[in-house]
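Chemist: Let me begin by handing over the structure; questions about it come next.
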Amino acid sequence: MKTFIKHILPAALLLLMGMTSCTKDLDVTPIDPNYVEPSAWQLYNKCFATMATAGNGAADDDSDVDGIDGGTSGYYRQMWNEQELTTDEVYCAWGDEGISGFCYNTYDASHPMLRGFYYRLYVAITFCNQYIAQYGDYDPQMTAEIRFLRAYHYYHLVDGWGNVPLVTAITSEKPTQASRAEVYSFIESELLDVENQLAAPKAKKSTDEGYGRPDRAAAWLLLARLYLNAEVYTGTAQWAKAAQYAQQVMSSNYELNTTGVGKWSAYRMLFMGDNGETNAAKEFIFPLLQDGKRTTSWGCSLYLIAAPWKSDLMFEHPTDPTQTNGTTAGWQGHRARPELVAKFFPNGDAPIGLRGIEMTEAAGDDRALFNSVDRTLSIDEVSVFENGFGYVKFVNFKTDGSAGHDQEKPDMDVPLMRKAEAYLIYAEATARQGGGNATSEGINALNTLRQRANASAKSSFTLNEICDEWSREFFAEGLRRTTLIRFNKYGGTTDYQWQWKGGSHDGRDFAATRNLFPIPTTDLVANSNLTQNPGY
């Protein structure tokens, strides 16, 4: 049931790790004299909750990671920042420490947000290790789910940092640094080992048992992601395996949402306040559950909804032009970079003065969710929010037209993994196997997504066009940096620039070493077993 995570764990848990070292003395002795040993279900819930909220406090004021503001330290928010602000999709106007380092690709080993996400991942891994150590024999399916979560965390570490400590047990020893290939192999073996212990794949809504819990389809999709990036991570491509596991997800019980409700398109329903209650939920293979009253966070769905919004400028209810995004929050930060808009308007004819529902009609694609009212396309003045189109993909409206049941905090669940990803993985993997152009089956997979978005079908796709299709389907969903690296369009000498790439208005190449993030200086100081990534 949806409530398994929406009631946040009240008990204090051990190892609320500070900013000294994610590898520092992982002993099991509680420091708090009032510490109460958590039950299996409490600790199990905490392993999920640390991905959806910053800590045990209702408003992120009790973060699991010390040394970084609770509101900005959330798992999803930091993952999203490193995947989106560093790319051709999103620019942020804020002057927060670390934001410009992302936007200009100038992050270093002291970058506060990268450090925060790195530690957040190891805190999450520690909770998983604690559950496995204390309650590994409690319930086979629950243990398999926690092992899946741990593999998911290590996926982000191997993707972002490469050679990292591989910690699978509670220990007082400072771990050594595993190679990227070793971490890759661990993730692969874990997912293959737990696959049959997870529940059978089944599309679910929030009222169904198991909603929000990973099942076999989640393991298959994470394996497909891992294999799709295997050449980057290990030097050896695994296109056939990526296609195989993507196809298993495509053939599973999960469903693409293809039917809209009223003025809301089928695609837009994926990112609304009742997306867990409509048929949109049946596309979600692994969502982060949110509730405006019981699961409040500055770093999950509220971040997605509020950060790109200005409340007196962007009005996005399709029938009531006085309503904004279904909340009272408008943080005036994120804007679409012009290269993202160009994915939908390749002829440079993106119109000015349109709301989202009008923009999708102009683009002939329901995914072109931009607002250009009183906006410029180009981001010339980076601190001026109106420079750059607004994107309005995420709202807290429900399909009946009402807003969520809290004025500020949204109910929109965050789809960490959805079935549409398998279609793109399958099309890309088979195209790479076949010499660079989509196969007939891959074309069908891509056109299935385009048809859902009411975009015209295409008869062929090159790899570059598949890269663009990734952006059209998944922009601002936390996949873009990994995608650009895989297509050789990120660090190093590339054929692709975007506005403010490398800190230049027109974009410029930056070193290929930035395809990996730096190990935080604080961790290098605390653990002499670690070696910094090249270039930092």
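The values are calculated or read from the model by the stated rules, or taken from the named source; none is laboratory data. Just so it is clear, the structure is predicted and the values come from calculations on it, not from any experiment. Neighbour counts run over all protein chains shown; Cβ positions are idealised from the backbone, glycine included. Protein only, heavy atoms only, side chains kept; ligands, DNA and RNA dropped before computing areas. Shrake-Rupley method; radii C 1.70, N 1.55, O 1.52, S 1.80 Å.
Here is a yes/no grid of residues against (1) at pLDDT 95 or above; (2) open to solvent by 50 Å² or more (accessible area, probe 1.4 Å); (3) hydrophobic (A, V, I, L, M, F, W, C); (4) over 23 Å from GLY74 (Cα atoms):
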| residue | (1), (2), (3), (4) |
| --- | --- |
| HIS111 | yes, no, no, no |
| MET142 | yes, no, yes, yes |
| LEU157 | yes, no, yes, no |
| PRO175 | no, no, no, yes |
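Chemist: May I ask you to list pairs of residues, at least six apart or on different chains, whose Cβ atoms are under 6 Å apart, with the first in the range 301-315 being over 16 Å from SER383 (Cα atoms) and the second being surrounded by fewer than 17 Cβ atoms within 10 Å (Cβ to Cβ) and modelled with pLDDT under 95?
Modeler: PHE315/PRO321
Chemist: Quick check: is even one residue across the range 248-263 in a loop (DSSP other than H, G, I, E, B), of a type in the set (A, V, I, L, M, F, W, C) and more than 28 Å from TYR44 (Cβ to Cβ)? It would help to see each step written out before you state the result.
Modeler: Applying the first criterion (in a loop (DSSP other than H, G, I, E, B)) to the range 248-263 yields 251-260, 262-263.
Applying the additional criterion that residues be of a type in the set (A, V, I, L, M, F, W, C) yields 256.
Next, from what is left, pick out any that are more than 28 Å from TYR44 (Cβ to Cβ): 256.
Looking for residues that are in a loop (DSSP other than H, G, I, E, B), of a type in the set (A, V, I, L, M, F, W, C) and more than 28 Å from TYR44 (Cβ to Cβ), one finds at least one in the range 248-263, hence yes.
Chemist: Same structure again: State all residues of the range 127-172 that are of a type in the set (Val, Ile, Thr) and in a loop (DSSP other than H, G, I, E, B); if no residue qualifies, say none.
Modeler: Filtering the range 127-172 for residues of a type in the set (Val, Ile, Thr) gives 132, 143, 146, 158, 164, 167-168, 170-171.
Scanning the range 127-172 gives VAL167, THR168, ILE170, THR171.
Chemist: Same structure, new question: Restricting to the range 472-510, name every residue that is within 21 Å of TYR91 (Cβ to Cβ) and among the small types (Gly, Ala, Ser).
Modeler: Our first condition is that a residue be within 21 Å of TYR91 (Cβ to Cβ); within the range 472-510, this holds for 472-485, 487, 489-491, 494, 496-510.
ALA476, GLY478, GLY491, GLY502, GLY503, SER504, GLY507 - these are the residues of the range 472-510 that are within 21 Å of TYR91 (Cβ to Cβ) and among the small types (Gly, Ala, Ser).
Chemist: Scan the range 81-109 for residues that are among the polar types (S, T, N, Q) and open to solvent by 10 Å² or more (accessible area, probe 1.4 Å) and report the count. Steps first, answer last, please.
Modeler: Within the range 81-109, the subset among the polar types (S, T, N, Q) is 81, 83, 86-87, 100, 105-106.
Those still in the list that are open to solvent by 10 Å² or more (accessible area, probe 1.4 Å) too: 100, 106.
Residues flagged as among the polar types (S, T, N, Q) and open to solvent by 10 Å² or more (accessible area, probe 1.4 Å) within the range 81-109 amount to 2.
Chemist: List every residue pair whose Cβ atoms lie under 7 Å apart, where the two residues are 6 or more positions apart in sequence or sit on different chains, the first residue falls within the range 227-245 and is more than 17 Å from TYR154 (Cβ to Cβ), and the second residue, located anywhere, is among the small types (Gly, Ala, Ser) and not in a helix (DSSP H, G or I).
Modeler: From residues that are more than 17 Å from TYR154 (Cβ to Cβ), the pairs are GLU231/ALA237.
Chemist: Which pairs turn up if I take residues in the range 426-437 that are at positive phi and look for partners that are assigned to a helix (DSSP H, G or I) and of a type outside the set (S, T, N, Q) with beta carbon separation below 9 Å, at least 6 apart in sequence or on another chain?
Modeler: GLY436/LEU463
Chemist: Let me ask you something else. Would you check if LEU166 is under 25 Å from ASP108 (Cα atoms), among the hydrophobic types (A, V, I, L, M, F, W, C), surrounded by fewer than 22 Cβ atoms within 10 Å (Cβ to Cβ) and touching a strand residue (DSSP E or B) at 6+ places or on another chain (Cβ under 9 Å)? Reasoning before the result, please.
Modeler: Working: under 25 Å from ASP108 (Cα atoms): yes; among the hydrophobic types (A, V, I, L, M, F, W, C): yes; surrounded by fewer than 22 Cβ atoms within 10 Å (Cβ to Cβ): yes; touching a strand residue (DSSP E or B) at 6+ places or on another chain (Cβ under 9 Å): yes.
It is true that LEU166 is under 25 Å from ASP108 (Cα atoms), among the hydrophobic types (A, V, I, L, M, F, W, C), surrounded by fewer than 22 Cβ atoms within 10 Å (Cβ to Cβ) and touching a strand residue (DSSP E or B) at 6+ places or on another chain (Cβ under 9 Å).
Chemist: Given the conditions (1) among the small types (Gly, Ala, Ser); (2) in contact (Cβ under 8 Å) with a residue 40 or more places away in the chain; (3) farther than 21 Å from ARG375 by Cβ, report the number of the one that ALA329 does not fulfil.
Modeler: It fails just one condition, (3).
Chemist: Go over the candidates GLN323, GLN290 one by one and state the one that is touching a Cys at 6+ places or on another chain (Cβ under 9 Å) and touching a residue at least 40 places away in the same chain (Cβ under 8 Å).
Modeler: On the way: GLN323 fails: touching a Cys at 6+ places or on another chain (Cβ under 9 Å).
None of the others qualify; the one that does is GLN290.
Chemist: How about the range 225-247: which of its residues are part of a helix (DSSP H, G or I) and under 23 Å from SER440 (Cα atoms)? Outline the logic, then answer.
Modeler: Quick first cut of the range 225-247, residues part of a helix (DSSP H, G or I) only: 225-228, 230-234, 239-247.
Of everything in the range 225-247, those that are part of a helix (DSSP H, G or I) and under 23 Å from SER440 (Cα atoms) turn out to be ARG225, TYR227, LEU228, TRP239, ALA240, LYS241, ALA242, ALA243, GLN244, TYR245, ALA246, GLN247.
Chemist: Residues of the range 477-486 being open to solvent by less than 20 Å² (accessible area, probe 1.4 Å) and assigned to a loop (DSSP other than H, G, I, E, B), which ones?
Modeler: GLU477, GLY478
Chemist: Ok, one more. Working only within the range 414-436, note down all residues that are under 23 Å from ASN396 (Cβ atoms) and part of a helix (DSSP H, G or I).
Modeler: Answer for the range 414-436, where residues must be under 23 Å from ASN396 (Cβ atoms) and part of a helix (DSSP H, G or I): just ALA420.
Chemist: Moving to a separate point now. Based on this model, can you work out whether ALA363 counts as modelled with pLDDT of 95 or more, within 20 Å of GLN499 (Cβ to Cβ) and out of contact with any Ser or Thr (no Cβ under 6 Å at 6 or more places or on another chain)?
Modeler: Yes, satisfied.
Chemist: Another question, then. Select, from LYS419, LYS409, the only residue that is within 19 Å of SER265 (Cβ to Cβ) and crowded, with 19+ Cβ neighbours inside 10 Å.
Modeler: Working: LYS409 fails: within 19 Å of SER265 (Cβ to Cβ).
Only one candidate passes the filter, namely LYS419.
Chemist: Select from the range 487-536 the residues that are within 25 Å of the chain's Cα centre (by Cα), touching a residue at least 60 places away in the same chain (Cβ under 8 Å), in a loop (DSSP other than H, G, I, E, B) and surrounded by fewer than 17 Cβ atoms within 10 Å (Cβ to Cβ) and list them in ascending order.
Modeler: Listed by number, the list holds a single entry, TYR496.
Chemist: Looking for whichever is in contact (Cβ under 8 Å) with a residue 60 or more places away in the chain, open to solvent by 10 Å² or more (accessible area, probe 1.4 Å) and out of contact with any strand residue (DSSP E or B) (no Cβ under 9 Å at 6 or more places or on another chain) here; the options are ASN444, ASN454. Which one fits? Full working, then the answer.
Modeler: On the way: ASN444 fails: in contact (Cβ under 8 Å) with a residue 60 or more places away in the chain.
Every option except ASN454 fails the conditions.
Chemist: If a residue must be open to solvent by less than 10 Å² (accessible area, probe 1.4 Å) and outside any loop (DSSP other than H, G, I, E, B), how many such residues does the range 324-354 contain?
Modeler: The qualifying residues number 5.
Chemist: Turning to a different aspect of this structure: In the range 272-282, which residue that is surrounded by fewer than 24 Cβ atoms within 10 Å (Cβ to Cβ) and assigned to a helix (DSSP H, G or I) is nearest to the chain's Cα centre (by Cα)? Break it down into steps so the answer makes sense when it comes.
Modeler: So in the range 272-282, the residues surrounded by fewer than 24 Cβ atoms within 10 Å (Cβ to Cβ) come out as 274, 277-279, 282.
If we keep only those that are assigned to a helix (DSSP H, G or I) too, we end up with 279, 282.
On the way: ASN279: 21, LYS282: 18 Å.
My answer is LYS282.
Chemist: Does the range 459-476 contain at least one residue that is surrounded by fewer than 18 Cβ atoms within 10 Å (Cβ to Cβ), hydrophobic (A, V, I, L, M, F, W, C) and more than 18 Å from ALA246 (Cβ to Cβ)?
Modeler: No, the range 459-476 contains no residue that is surrounded by fewer than 18 Cβ atoms within 10 Å (Cβ to Cβ), hydrophobic (A, V, I, L, M, F, W, C) and more than 18 Å from ALA246 (Cβ to Cβ).
Chemist: Pairs under 8 Å by beta carbon, first residue on the phi > 0 side of the Ramachandran plot and assigned to a loop (DSSP other than H, G, I, E, B) in the range 381-396, partner of a type in the set (S, T, N, Q) and open to solvent by 10 Å² or more (accessible area, probe 1.4 Å), six or more apart or different chains?
Modeler: Qualifying pairs under 8 Å: GLY388/THR376; GLY388/SER378.
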